[in-house]
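First up is the structure itself, then whatever we jot down about it.
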Amino acid sequence: MHLLSCGITVAESTVLIIGRTILDDCGLLVKTAVVTGGGSGIGRAVAQRLRADGLHVATIDLNESDEQFAYTADVTNPEQVAAALTAIRADLGPVTVLVNSAGLEKFKRFTDLKFDDWQRVIDVNLNGVFHCIQAVLPDMIEAGWGRIVNISSSSTHSGQPYMSSYVAAKSAVNGLTKSLALEYGPAGITVNAVPPGFIDTPMLRKSEARGYLYVDKNIEATPVRRIGRPEDIAAACAFLISEEAGYITGQILGVNGGRNT
């Protein structure tokens, strides 16, 4: 059970809605966050950090999990996303924080890239963001408050050979972030993006095992001389979600150890 700061578990607590203010049994403002791709890597670290910060956190992932408040859905399927959000609202209440971390990479020479390969990467990395934002925006608009953080990629600044579909999708996410920040700022909703640099995740290690990249070489090219950790990205997300970041929107906050600045 998730323990609230006053000692009451989520399962034991009730929710009181007064106008647009949602309070738990402790009289504290409840914020419910959804993290996509929350089953591993960056998404998992973000979910853990937000729980530690006192938010109610649900994860959406393609892979099933026995963890509490973990929901299975394919972010490329709007019906599955909608079903997951319905279940999350029933369990945790309206969603006012969204971190889009679900991602899929593809290493392939452009001339060898099939349209199906291209489309799948675009579907997960761009269209999945579209579906999830559309699903949660009504809650945020109703609350008059919201935080959206999109995980993009430092490759949008530098490019990356053999990853044209991935770089194109993540670049579009940065553009979407800026547009939505302008559109929904008046509604009390901030929208920012965090493009990670070289982060030690299962996806990165799989790419290394296939010979697509070399960890030591990338560490040498990073000014702080270490590989990034998922917790580095989680810390940036936690800040952008905080009340202190209410005047920050439409920004691309690179967390990359000094590369691609």
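We did not get these values from a lab; they are worked out from the coordinates using the rules stated. Since the model is a prediction, treat every value here as computed from it, not as a measurement. Using ideal geometry, Cβ is built from the backbone for each residue, glycine included, and neighbour counts are taken over all protein chains shown.
Listing for the model above:
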quantity: Per-region count, segment 60-116, residues among the polar types (S, T, N, Q) and part of a helix (DSSP H, G or I); calculated: 3
quantity: Residue ID - farthest from residue 172 (Cα to Cα), chosen from residues in segment 205-230 that are in contact with a Lys or Arg (Cβ under 8 Å, 6 or more places away or on another chain) and buried (at least 16 other Cβ atoms within 10 Å of the Cβ); calculated: 222
quantity: Test: residue in segment 107-115 that is buried (at least 22 other Cβ atoms within 10 Å of the Cβ) and touching a residue at least 40 places away in the same chain (Cβ under 8 Å); calculated: no
quantity: Single condition residue 247 does not satisfy, out of (1) surrounded by 12 or more Cβ atoms within 10 Å (Cβ to Cβ); (2) assigned to a loop (DSSP other than H, G, I, E, B); calculated: (1)
quantity: Candidates 119, 68, 48, filtered to the one that is in contact (Cβ under 8 Å) with a residue 40 or more places away in the chain, among the polar types (S, T, N, Q) and exposed (fewer than 15 other Cβ atoms within 10 Å of the Cβ); calculated: 68
quantity: Those helices (runs of 4 or more DSSP H) lying entirely in segment 122-219 with at least 1 residues hydroxyl-bearing (Ser, Thr, Tyr); calculated: 155-158, 164-184, 202-209
quantity: Cross-chain or 6+ apart pairs with Cβ under 9 Å, segment 82-95 first and on the phi > 0 side of the Ramachandran plot, then crowded, with 21+ Cβ neighbours inside 10 Å and assigned to a loop (DSSP other than H, G, I, E, B); calculated: 93/30
quantity: Filter pass, residue 185 being of a type in the set (Gly, Ala, Ser), in contact (Cβ under 8 Å) with a residue 60 or more places away in the chain and surrounded by 15 or more Cβ atoms within 10 Å (Cβ to Cβ); calculated: no
quantity: Test result for residue 43, touching a strand residue (DSSP E or B) at 6+ places or on another chain (Cβ under 6 Å) and part of a loop (DSSP other than H, G, I, E, B); calculated: no
quantity: Residue pairs meeting the criteria (Cβ under 8 Å; at least 6 apart or on separate chains; first in contact (Cβ under 8 Å) with a residue 40 or more places away in the chain, in segment 220-238; second assigned to a helix (DSSP H, G or I) and surrounded by fewer than 19 Cβ atoms within 10 Å (Cβ to Cβ)); calculated: 234/48
quantity: Positions within segment 151-172 being more than 18 Å from residue 108 (Cα to Cα), surrounded by fewer than 24 Cβ atoms within 10 Å (Cβ to Cβ) and not small (Gly, Ala, Ser), in sequence order; calculated: 157
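Okay, residues lined up against (1) more than 21 Å from the chain's Cα centre (by Cα); (2) closer than 24 Å to residue 89 by Cα:
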{"residue": "109", "(1), (2)": "yes, no"}
{"residue": "130", "(1), (2)": "no, yes"}
{"residue": "134", "(1), (2)": "no, yes"}
{"residue": "145", "(1), (2)": "no, yes"}
{"residue": "148", "(1), (2)": "no, yes"}
{"residue": "169", "(1), (2)": "no, no"}
{"residue": "190", "(1), (2)": "no, yes"}
